[in-house]
Amino acid sequence: GDSIDLAVIGGDGIGPEVVAEGLKVLDAVSGAKVARTEYDLGAQRWHATGETLPDSVLTELRGHDAILLGAIGDPTVPSGVLERNLLLRLRFELDHYINLRPSKLYPGTASPLDVATVAPNGIDFIVVREGTEGPYTGNGGALRVGTPQELATEVSVNTRFGAERAVRDAFARAAARERKHLTLVHKHNVLTHAGHLWRRTVEDVGAEFPDVTTAYTHVDAATIYLVTDPGRFDVIVTDNLFGDIVTDLAAAVTGGIGLAASGNINPDGTAPSMFEPVHGSAPDIAGQGKADPTAAILSVAMLLAHLGRDDEANRVHDAVSADLASRGTTVRSTTQVGDAIAALVS
Ligand code: IPM
Ligand code: MN
């Protein structure tokens, strides 16, 4: 249709600042009428009311076409409270089983790697991180806390259903790309139960995608390759925790988390998908206009693509690409970067 009904969660720290620039670019690029509803969730609300994600808000969120989220987390809130009860609850409740994280080194962007040597053909891959299972489900517990006999477990939950839908999505994405190559990242030499489930799933689902070549890499080795030979990757599929870790490294080698976008996607459309920069709330620089809004802007591009607005998504990518190519070493404020990219898309 020609309108987008967006839920906006600015969140904590730099979240609202970068989201504002994302919305600026969305307004500039989109022919659609963009309706937005802001939801104040995060540290402030928790301090004021003790609420993280009230059921009534969750119900309202379900009614929107998509959600744009800034960042969640604040040092004044005990670790895990907002992460588990807000961010992860959204991902689980809205069945965001694909956490899609593209990693692309744009021309003109500085990488800590000697790219000419380790990736002469560039870096351009995507990570399909499973989003609803693994050690993130909160299964586990602690005994005898605070004693020398303390014991803690964190159980990684892997279902065939969960792995299979992530793997099938990753194969489909690989089939649509030029190199058509899928790498399973896991640790089946130690995590034998889950590892073998994932391996078998890749083998079985692979039969549906004869054009896609596959490889397997243990996660520890994958961290080496991400630094010494990142060009080898096209599509990576992996579980929730390995995906969390490798996507931070992937962001670091492609210009930093200021540029890394993500989509928490519900491919079945039973609930809205949610787009957010990979970075956190960065409370140390909040309110200073120093945050790079590019990751939030690229998250808007992913949102547009998800809504089938490929032309608008491509225009945002092109504008970001042009802006990055001309950035040099000039220091610009959050709004200056947003203004520049908005001017390039309109
Ligand atoms: C991310 C973050 C989250 C995660 C945290 C904040 C719960 O690190 O989006 O990568 O681990 O998924
Ligand atoms: Mn992370």
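A few notes on this one:
- Candidates T59, T76, filtered to the one that is surrounded by fewer than 21 Cβ atoms within 10 Å (Cβ to Cβ), modelled with pLDDT of 95 or more, over 21 Å from the mean Cα position of the chain (by Cα) and farther than 24 Å from D284 by Cα: T59
- Test: residue in the range 266-275 that is on the phi > 0 side of the Ramachandran plot and assigned by TED's automatic domain parsing to the domain that holds H64: yes
- Of all the listed residues (T59, T52), the sole one being in a helix (DSSP H, G or I) and over 28 Å from I341 (Cβ atoms) is T59.
- Every residue from the range 43-84 that is within 16 Å of ligand 1 (Cβ to nearest atom), of a type in the set (G, A, S) and in contact with a Ser or Thr (Cβ under 8 Å, 6 or more places away or on another chain): A43, G70, A71, G73
- Figure legend. Inter-residue proximity from the range 87-106: first residues closer than 21 Å to V167 by Cα, second residues within 13 Å of ligand 2 (Cβ to nearest atom) and among the charged types (D, E, K, R), beta-carbon distance below 7 Å, spacing 6+ or different chains. Indicated pairs: N99/R129; R101/R129.
- Of all residues making up the range 55-81, the number that are within 14 Å of ligand 2 (Cβ to nearest atom) and of a type in the set (A, V, I, L, M, F, W, C): 3
- Spans of strands (runs of 3 or more DSSP E) in the range 174-276 with at least 3 residues modelled with pLDDT of 95 or more, away from ligand 1 (no atom under 16 Å from the Cβ) and not hydroxyl-bearing (S, T, Y): 181-186
The values are calculated or read from the model by the stated rules, or taken from the named source; none is laboratory data. On a predicted model such as this, the values are computed, not experimentally measured, just so you know. Here Cβ is always computed from backbone atoms with ideal geometry, including for glycine, and neighbour counts include all displayed protein chains.
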